[in-house]
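What follows draws every value from the coordinates through simple rules; no lab data is involved. Only a predicted model underlies this, so the values are computations on that prediction, with no experimental measurement involved. Please note: Cβ atoms are built from the backbone with ideal geometry, for glycine as well, and neighbour counts cover all protein chains shown.
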Amino acid sequence: MASKDNGKELDNSNSPAQTKSSETFEESDPDTCDIPFYVTELIEKEIGSDLKSLKKLSSLIETIADEKKQLEEQVLTVSSEAPKRIQAALKNAEDTKEALGHLLEKEASVSESISKHLVEAAPWMEDLGMLTDQIEEVERHLSYLKWISQIEELSDNIQQHLMTNDVAEAASTLVSMAELAIKLQESSCTNLLNFLRSTVQFWHKILKDKLTSDFEEVLNLLHWPFVGPLQSPSTASSSSASLGEVFGNLETLFSQLLKLQTSDELISKPKQMPEKYSLPMSPPIILPIQIMLFPLQKRFRYHFSGNRQTNALSKPEWYLTQVLMWIGNHTKFIHERIQPILNKTGSSVNAKLEFTRGLVMLVLEKLSVDIPCLLYDDILFCHLVDEVLLFHRELQSTHGYPATLPNCMHILSEETAFQRWLTVERKLALEKMDSMLSSEAAWTSQYKDISDVDEMKVPDCAETFMTLLLVITDRYKNLPTASRKLKFLELQKDLVDDFRIRLTQVMKEESRAPLGFRYCAILNAVNYVASVLGDWADNVFFLQLQQAALEICSDLTSSSKLQLGQLASMEISVFDDMINLLERLKNDMLSRQVENVFKEVKEAARMYKKERWLSLPSQSEQAVMSLSSTACPMLLALRDRLLQLEQQLCHTLFKTVWQMLAEKLDMFIYQDVILANHFNEGGAAQLQFDMSRNLFPLFSHYCKRPENYFKHVKEACIILNLNVGPALLLKDVLQSASESVDSTSSSNKLPSATAALNELGIYKLAPQDVEILFNLRTNWPNTGK
C-alpha cells in the first residue's frame, strides 16, 4: 500500500516537471540546439522519473537506430548524386561557352563584310540619292505641268464652248475651274494659284458680261424694274418674241448666271459694313438677283444721295417707304417667275428674301451715313428712330424678313447711336410725364361713363404712363442683343420709380383730404401700375430678359448673389423692386384713408359709448325694437364714407378698405362700448339689435356674411344675451376649468370649456374674455351670497 501510494505520489510529483520538459522539448530544434541537451530532453520526455517506463528503452533504441540508418542512406544518396549534377552543369556551361565563341567569330566576320560593303556602296548611294532627288523634282514639275495643262484644257474648253455659243457648257466648265481653285487654296504654289485665279477671273468676266448683257435685255423686255404698283410684265412688248419665249430666255439666263456664283464668290469680295455695327454673317446675294437689283440700287443712290431734294435728313420715310414699295411691287413676279427657277436647279435660296436683303442693305448704308448727322438734333433723331422702327416692323410682319439677318436694329444698336437713342427716349418720356400729370384730365378716367370698362377706375395719367412704357417695350424688343434690351429695361424701371415719386409728391399735397377725389385717383393709379407690372412679370419677353440678366451678371456682391438666386428660382421678377415700393405706398395711403374714416366714425360714436346700457327697458317691455338714437350719427357717417369710397376706389382697393375698417370698428365697439359698460337685459338686447340689424347690414352689400368681420362684437352679443340658465351653466364650466389649471385633470377640463363655447358659436373669444363679459351682465339671479 505504501509503495503504491508512493508510486502515485511520485507520479503526481513528477507530472508538472514532465509537462514542462515536454513543452521545452517541443520548442527545441534539433538542428540548432546542443546535441547532449537534446538527448537529455528526449530521455526526459520518453522515460522521465517513472521507473516503469524503462521497459520502453529497447523500443526507443530500435526506433533511433532505424532513424540513424535512414539518415545515413539519405546522406550517401545525396553525396553520390551531387557530383553527377555538378558535372552535368559544368558540361553545359562549357558547351554554351563554345557556342558563344562561334557566334562572336561569325558576328565579327559579318560586321567586317558589312563595313566593307558600305564603303564600296557609298559612291553608289550618293549617285542614287542624286537620281532620286532629280526624279522627285521631275515629278513635281510634271505634276505642276499637269495642273497647268488641266487649267489650260479647261480654259480651251470654255473658249471652244463660247466659239460655238454654248454658254451653258462654258459656265459649267468655269464651275469646274472654280472648284479646282478652291481645292488648291491651301497650296504653297503661289504662282500656280495666281495663274488659276487670273484665268478664272478672265473667263468669269467674259461670261458674266455676256450673260449680264443678255439678262438685262430680257429684263428690259419685261419692263424691269416695276417702279409703279400697276406695272406688270404681261404688258411687255413682244415684237421679236412672244412673252413665253421671253420667260424661257429669262429662265435659261438666270440658271446660267447662277452657275457663275462659285467663281463670283471666289474672285470678288462683297462690300462689308464697318465692324462697329456687328452685323451677323450672311452669304452673298446670288449673282442673278444682284443684276436684278442693280437698276433699283442705281435709282436709290440717285434720289437719296448728294444734293437731291429727295435726300432730306428730315424725311427718312421717303426712302424707307420707297424700299417697301419696291419690295411689294416685285413680290408677285419674284414668287411666280424667279422662285420656280431656283427650285428647278435644286437651290434652297428664297428669291424674295434675297431680293429684300439686297434692298435692306441699301437702307443700312443710308442709315450709317445719316445717323451721325442727326445725333445732336433730338427732334430729327427721334423722328428717324420712329420711322426706322415702323420700317422694321413692316418688313417683319408683311414681308417675313427674319431678325437673324442684317437689319436696321443692328445700326441703331451701334454704341454711339444707341446711347443717343436711350438719352432721347428718357428725355421724351419725362417730358410726356410732365405734360400728362399737369393736364386737367390727369386724374379723371377716360371710361368713367362706361362701368364695364372702368372697373379699375384708372386715371388718365396712369393709363397714359403705362401706355408709354408699353410703347417703349415695343420699340426696343426687336433689338438684336439682350444687353441692349436690358439697358431699356433699366430705363423703364427708372421711369416707374420717377412716376412713383411724382405720385407721392401729389399725394402729400392731398393728404389733408384723404377721402377726396384726387387722393383716391392717386391710389387707383398706384394700384393700376403695380397690377400691370405684376402681369408683365409673367410675360414671356420679360422672363427671357430675366434669364438674360442671369447670364450677363458675373461680378456680384453677396447681396446681389442672393437676389440673383431669387431671380433664377423665379421667386422674384425683374419688376419686384418697383412693385414692392408701389405696394408700400398703396398700403400707406389705404391706412391713412381707413384711419380718417375711423376717426370720423369714432367721433360720431361718442354719445353711443355713453348710452345707459344698464337701465334700458327689456325687449318684452317694447312694442317694436328700434335703433338707438345715439348710434345714428355713427352709422350715418359710416354709410356715407363707404358709399363715397365705393364710388371713387376700384373694387380691389375698396374691398381692402372696408375690411380694414370693419376690423378696426370691431375692436373699437368691443373695447370702447362693450367692455367699458355694464348691461342689463334690455341693454344687451338693444346692443345686439343695433349691431345685427343696423351695423352689419351696412356691409352686406360687399359680402354675404358681414358678421364674420365683427367676430368680437358678434360673440360678445351672444354672451351678453345668453339666457340666465345656460349662462350660469357656462359660467360654472369656465370657473371649473380655471380652478383646475394646476390640477392633473386640467388637460381634460380646458377642452370641455372650449367645446362649450364652440356650441354657442364662440370661436374668437377666449374663456377669460367670456368671464369678463359675464361680469358685465347685471341680470344675474340673487343667490344670497
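Between LEU428 and ASP588, the modelled labels are 3.3 nm apart [label points 7 Å from Cα along Cα→Cβ].
Going by average Cβ density within 10 Å per residue, which order do the peptides 86-94, 191-199, 259-267 take, highest to lowest? Please report the intermediate quantities before stating the final value.
Values: 86-94: 10.0, 191-199: 15.6, 259-267: 19.7.
Going by the mean number of other Cβ atoms within 10 Å, highest first, we get 259-267, 191-199, 86-94.
Computed log10 I(q)/I(0) for the stretch 264-390 at 0.14, 0.16 Å⁻¹: -0.72, -0.90, from the Debye equation with unit scatterers placed on every C-alpha and solvent omitted.
Under 5 Å from the amide H of ARG777 lie the amide H atoms of PHE679, each residue being 5 or more positions distant or on a separate chain, with H modelled from the backbone and absent for Pro and chain starts. Cα to Cα, under 20 Å, and not fewer than 8 places away if on the same chain: which aspartates and glutamates meet these conditions relative to LYS45? Straight-distance partners of LYS45: GLU9, ASP11, GLU23, GLU26, GLU27, ASP29, ASP31, ASP34, GLU62, ASP66, GLU67.
Over the chain, what is the relative contact order in whole percent, taking alpha-carbon pairs under 8 Å and six or more residues apart? Contact order relative to length: 6 percent. Across the stretch 421-533, C-alpha contacts under 8 Å between residues 6 or more apart give a mean separation that, scaled by the residue count, equals a relative contact order of 31 percent.
Here, the stretch 339-485 yields an orientationally averaged convex hull projection of 12.7 nm² when only Cα atoms define the hull.
Which shape class applies to the stretch 145-295: rounded if a/c is under 1.5, otherwise prolate when a/b exceeds b/c and oblate if not, where a ≥ b ≥ c are the square roots of the Cα gyration tensor eigenvalues? Mind dumping the intermediate values first?
Working: a/c = 3.58, a/b = 1.44, b/c = 2.49.
Here the stretch 145-295 falls in the oblate category.
Looking at the square roots a ≥ b ≥ c of the eigenvalues of the Cα gyration tensor of the stretch 382-429, which shape do they give, rounded for a/c under 1.5, prolate if a/b is larger than b/c, or oblate? Cα axes put the stretch 382-429 in the oblate bin. Can you flag which of LYS711/LYS731; LYS704/LYS764; LYS427/LYS655; LYS609/LYS731 are past 30 Å Cα-Cα? Over 30 Å Cα-Cα: LYS427/LYS655. Calculated mean residue ellipticity, 222 nm, the chain: -24000 deg cm²/dmol, from DSSP H runs (n ≥ 4) at -39500 (n - 2.57) each, averaged per residue and rounded to 500.
Is the stretch 71-166 rounded, prolate or oblate when judged by the Cα gyration tensor, a ≥ b ≥ c being the square roots of its eigenvalues, rounded requiring a/c under 1.5 and prolate requiring a/b larger than b/c? Show your work: numbers first, answer last.
On the way: a/c = 15.71, a/b = 3.38, b/c = 4.64.
Verdict is oblate for the stretch 71-166.
Placing unit charges on the Cβ atoms only, positive for Lys and Arg and negative for Asp and Glu, gives the stretch 415-542 a dipole magnitude near 500 debye about its Cα centre.
Average projection, convex hull of the Cα set of the chain: 97.5 square nanometres.
Counting Lys and Arg as +1 and Asp and Glu as -1, what is the net charge of the other residues whose Cβ lies under 11 Å from the Cβ of LEU486? Mind showing how you got there, number by number?
Numbers: positive: ARG484, LYS485, LYS487, LYS493; negative: GLU490, GLU551.
Taking every Cβ under 11 Å from that of LEU486, the sum is +2.
Excluding same-chain neighbours fewer than eight residues apart, the aspartates and glutamates reachable from LYS106 by a Cα-Cα span under 14 Å are GLU98. The string of couplings for the stretch 266-276 from the Karplus curve (6.51, -1.76, 1.60, θ = phi - 60°) is 6, 9, 10, 9, x, 5, 10, 6, x, 5, 4 Hz, one whole number per residue in order, with x for Gly and Pro. Over all other residues within a Cβ to Cβ distance under 15 Å of SER413, the charged ones net out to +3, with Lys and Arg as +1 and Asp and Glu as -1. In the stretch 383-472, Cα pairs under 8 Å separated by at least six residues give a relative contact order of 18 percent. Partner lysines whose Cα lies under 20 Å from the Cα of LYS183, excluding those fewer than 8 positions away in the same chain, are identified as LYS146, LYS259, LYS269.
Only one residue of ALA766, LEU776, GLY683 has its Cα farthest out toward the positive end of the dipole of the stretch 636-785, where Lys and Arg carry +1 and Asp and Glu -1 on Cβ, and that residue is GLY683.
Our note on the geometry: Cα centres of the stretch 630-652 and the stretch 268-331, 67 Å apart.
What number comes out for the charge environment of PHE668, summing +1 per Lys or Arg and -1 per Asp or Glu over other residues with Cβ under 11 Å away?
Working: positive: LYS599, LYS602, LYS609, LYS664; negative: GLU663, ASP666, ASP672.
Once positives and negatives cancel, what remains is +1.
Kirkwood Rh, the stretch 329-388, all Cα pairs: how many Å? That comes to 13.9 Å for the stretch 329-388. In the chain, a dipole from Cβ-located charges (positive for Lys and Arg, negative for Asp and Glu) runs towards its positive end, and of VAL529, SER629, SER143 it is SER629 whose Cα lies farthest in that direction.
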